[in-house]
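*Asks:* Okay, handing you the structure first.
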Amino acid sequence: MAVFVPLTGRAAIITGGSRGIGRGIASVFVEAGMSVLLAARDEDGARQAVDELRSDGGEASYLVADVADPDAGETLARTALDRYGRIDVLCCNAGIFPQASLREMTASDVDRIVAVNLRGTILSVRACLPAMEKARWGRIVLTSSITGPLTGHAGWSHYGATKAAQLGFMRTAAIELAPHGITINAVLPGNIATEGLGGISDEYAGDVLQRIPLGRLGTVREVAHAAFFLATQEAGYITGQTIVVDGGQVLPEWPLAVT
Ligand code: NAP
């Protein structure tokens with residue numbers, strides 16, 4: 001007997017699925033037999049991700065969309081229903097993390113990060129609800145962060161605010177969605193090795209590694225497997241909760257506590 005009820009034939013929307021953590025989630029979902037609709041702004045990147053997922057034998061397609069666009073969620077939901085006839089899982093993963101100190105931050109910096117990371121999450125969830133409510137089944141997984149909910153990082157106060165706000169949204173949404181058989185949970189990644197880390201110096205990387213008890217960066221697949229668990233039938237009694245995927249980074253009470 002399988003450990004998990006197979007998710008074969010189910011359909012998932014993954015915002016920001018063209019690279020990084022979202023791309024990792026897409027791979028794991030496709031390997032589990034799910035059809036995946038990716039959303040990203042850059043068409044070339046989205047097409048390449050879909051080509052790779054298909055060449056591995058999976059069903060995937062993309063929609064070019066900016067989740068900051070108020071209509072993006074509705075378009076995504078409609079596209080998934082047109083292509084796959086169902087929306088079983090929504091991963092609100094698209095996010096931006098521009099650096100700005102409080103002194104230099106502009107109102108438009110704040111508006112943009114809130115529009116992508118928070119409003120994009122809320123409106124994507126809202127758009128998928130009719131299909132999930134009809135099916136009386138749904139799994140929603142947010143990609144939050146340790147930054148904001150659990151830790152702070154100079155230069156990312158607006159980012160941390162959006163990542164903590166995602167969890168504030170999640171906790172009330174969980175209560176509203178529970179009667180419909182829909183769960184909503186979040187993964188909180190620590191420092192995950194993505195293509196974007198190419199721009200980070202060896203010095204910074206070495207510094208970070210010394211502070212992570214498991215002594216390495218996480219992989220996108222390690223975040224993806226946590227998201228996958230939350231998408232399963234078996235995770236059906238978990239809602240409004242978080243899974244921290246950070247190699248123990250938030251545990252040491254000060255740097256010398258790491259051996
Ligand atoms: P990434 O490598 O930069 O990938 C971001 C993905 O989101 C891309 O597919 C990107 O495609 C898409 N995207 C960005 N803005 C978008 C928008 N406005 N509308 C639609 N799609 C958009 O980032 P990542 O590191 O994988 O991060 C993914 C999520 O994990 C984010 O929410 C981030 O806050 C969170 N996170 C990451 C880490 C980490 O260490 N990497 C740690 C904690 C939390 P386009 O550019 O083509 O739109």
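*Asks:* Which number in (1) within 8 Å of the ligand (Cβ to nearest atom); (2) at pLDDT below 95; (3) among the β-branched types (Val, Ile, Thr) marks the one condition that VAL220 misses?
*Replies:* (2)
*Asks:* For region 81-91, which residues satisfy the criterion of being of a type in the set (D, E, K, R) and either within 10 Å of the ligand (Cβ to nearest atom) or surrounded by fewer than 21 Cβ atoms within 10 Å (Cβ to Cβ) (or both)?
*Replies:* Going through region 81-91, the residues of a type in the set (D, E, K, R) turn out to be 82-83, 86, 88.
Correct list: ASP82, ARG83, ARG86.
*Asks:* If you don't mind, there's one more thing I want to ask. Considering every residue within region 93-107, establish whether at least one is surrounded by fewer than 20 Cβ atoms within 10 Å (Cβ to Cβ), farther than 23 Å from ARG19 by Cβ, among the acidic types (Asp, Glu) and in contact with a His (Cβ under 9 Å, 6 or more places away or on another chain).
*Replies:* Within region 93-107, the first condition is being surrounded by fewer than 20 Cβ atoms within 10 Å (Cβ to Cβ), and the residues that meet it are 96-107.
Checking the rest, the ones that are also farther than 23 Å from ARG19 by Cβ come to 101-107.
The next check asks that each one be among the acidic types (Asp, Glu); those that pass are 104.
Still in the running and in contact with a His (Cβ under 9 Å, 6 or more places away or on another chain): none.
So far as region 93-107 goes, no, none of its residues is surrounded by fewer than 20 Cβ atoms within 10 Å (Cβ to Cβ), farther than 23 Å from ARG19 by Cβ, among the acidic types (Asp, Glu) and in contact with a His (Cβ under 9 Å, 6 or more places away or on another chain).
*Asks:* A further question follows. Out of ALA131, ALA161, ALA100, ALA154, report the one residue that is more than 22 Å from SER27 (Cα to Cα), in contact with an Asp or Glu (Cβ under 7 Å, 6 or more places away or on another chain) and either of a type outside the set (S, T, N, Q) or part of a helix (DSSP H, G or I) (or both). Walk me through it before giving the result.
*Replies:* Details: ALA131 fails: in contact with an Asp or Glu (Cβ under 7 Å, 6 or more places away or on another chain); ALA161 fails: in contact with an Asp or Glu (Cβ under 7 Å, 6 or more places away or on another chain); ALA154 fails: in contact with an Asp or Glu (Cβ under 7 Å, 6 or more places away or on another chain).
Selected residue: ALA100, the only one of ALA131, ALA161, ALA100, ALA154 that is more than 22 Å from SER27 (Cα to Cα), in contact with an Asp or Glu (Cβ under 7 Å, 6 or more places away or on another chain) and either of a type outside the set (S, T, N, Q) or part of a helix (DSSP H, G or I) (or both).
*Asks:* Tell me which residues, restricted to region 36-54, are away from the ligand (no atom under 12 Å from the Cβ) and open to solvent by 90 Å² or more (accessible area, probe 1.4 Å).
*Replies:* Hit for region 36-54 is ARG54, nothing else.
*Asks:* Then there is this: Find the residue count for region 1-24, including only residues that are closer than 25 Å to LEU129 by Cβ, more than 18 Å from the chain's Cα centre (by Cα) and either within 15 Å of the ligand (Cβ to nearest atom) or of a type in the set (Gly, Ala, Ser) (or both).
*Replies:* 1
*Asks:* Would you pick out the residues in region 193-217 that are away from the ligand (no atom under 16 Å from the Cβ) and acidic (Asp, Glu)?
*Replies:* Passing the criteria: ASP202, GLU203.
*Asks:* I'd like to verify a number: residues in region 25-35 that are within 12 Å of the ligand (Cβ to nearest atom) and either farther than 16 Å from ALA11 by Cα or surrounded by fewer than 19 Cβ atoms within 10 Å (Cβ to Cβ) (or both), how many? Spell out the reasoning first.
*Replies:* Going through region 25-35, the residues within 12 Å of the ligand (Cβ to nearest atom) turn out to be 25-26.
Then drop every residue that is not either farther than 16 Å from ALA11 by Cα or surrounded by fewer than 19 Cβ atoms within 10 Å (Cβ to Cβ) (or both), which leaves none.
Total satisfying the criteria: 0.
*Asks:* What's the number of the condition ALA94 fails, among (1) away from the ligand (no atom under 15 Å from the Cβ); (2) at negative phi?
*Replies:* With (1) away from the ligand (no atom under 15 Å from the Cβ); (2) at negative phi applied to ALA94, the lone miss is (1).
*Asks:* Which one is farthest from GLU234 (Cα to Cα) among residues in region 111-162 that are over 15 Å from the mean Cα position of the chain (by Cα) and hydroxyl-bearing (Ser, Thr, Tyr)?
*Replies:* Among them, the one singled out is SER157.
*Asks:* Okay, moving on. Return a yes/no flag: does region 61-78 have any residue that is away from the ligand (no atom under 15 Å from the Cβ) and either surrounded by fewer than 24 Cβ atoms within 10 Å (Cβ to Cβ) or farther than 21 Å from VAL223 by Cβ (or both).
*Replies:* Taking region 61-78 first, the residues away from the ligand (no atom under 15 Å from the Cβ) are 78.
Narrowing further to those that are either surrounded by fewer than 24 Cβ atoms within 10 Å (Cβ to Cβ) or farther than 21 Å from VAL223 by Cβ (or both): 78.
Looking through region 61-78, at least one residue is away from the ligand (no atom under 15 Å from the Cβ) and either surrounded by fewer than 24 Cβ atoms within 10 Å (Cβ to Cβ) or farther than 21 Å from VAL223 by Cβ (or both).
*Asks:* Which pairs turn up if I take residues in region 1-26 that are touching a residue at least 24 places away in the same chain (Cβ under 8 Å) and under 18 Å from ALA235 (Cα atoms) and look for partners that are within 9 Å of the ligand (Cβ to nearest atom) and open to solvent by 10 Å² or more (accessible area, probe 1.4 Å) with beta carbon separation below 7 Å, at least 6 apart in sequence or on another chain?
*Replies:* ILE25/ASN93
*Asks:* Out of everything in region 128-160 that is in contact with a Lys or Arg (Cβ under 8 Å, 6 or more places away or on another chain) and of a type in the set (A, V, I, L, M, F, W, C), what residue ends up being least open to solvent (accessible area, probe 1.4 Å)?
*Replies:* Quick first cut of region 128-160, residues in contact with a Lys or Arg (Cβ under 8 Å, 6 or more places away or on another chain) only: 131, 135, 144-145, 147-149.
The next check asks that each one be of a type in the set (A, V, I, L, M, F, W, C); those that pass are 131, 135.
On the way: ALA131: 21, ALA135: 62 Å².
Among those that are in contact with a Lys or Arg (Cβ under 8 Å, 6 or more places away or on another chain) and of a type in the set (A, V, I, L, M, F, W, C), it is ALA131.
The values are calculated or read from the model by the stated rules, or taken from the named source; none is laboratory data. Keep in mind that this is a model prediction, so the values were computed, not measured. Please note: Cβ atoms are built from the backbone with ideal geometry, for glycine as well, and neighbour counts cover all protein chains shown. In case anyone asks, the SASA skips ligands and DNA or RNA and just uses the protein heavy atoms, side chains included. Shrake-Rupley method; radii C 1.70, N 1.55, O 1.52, S 1.80 Å.
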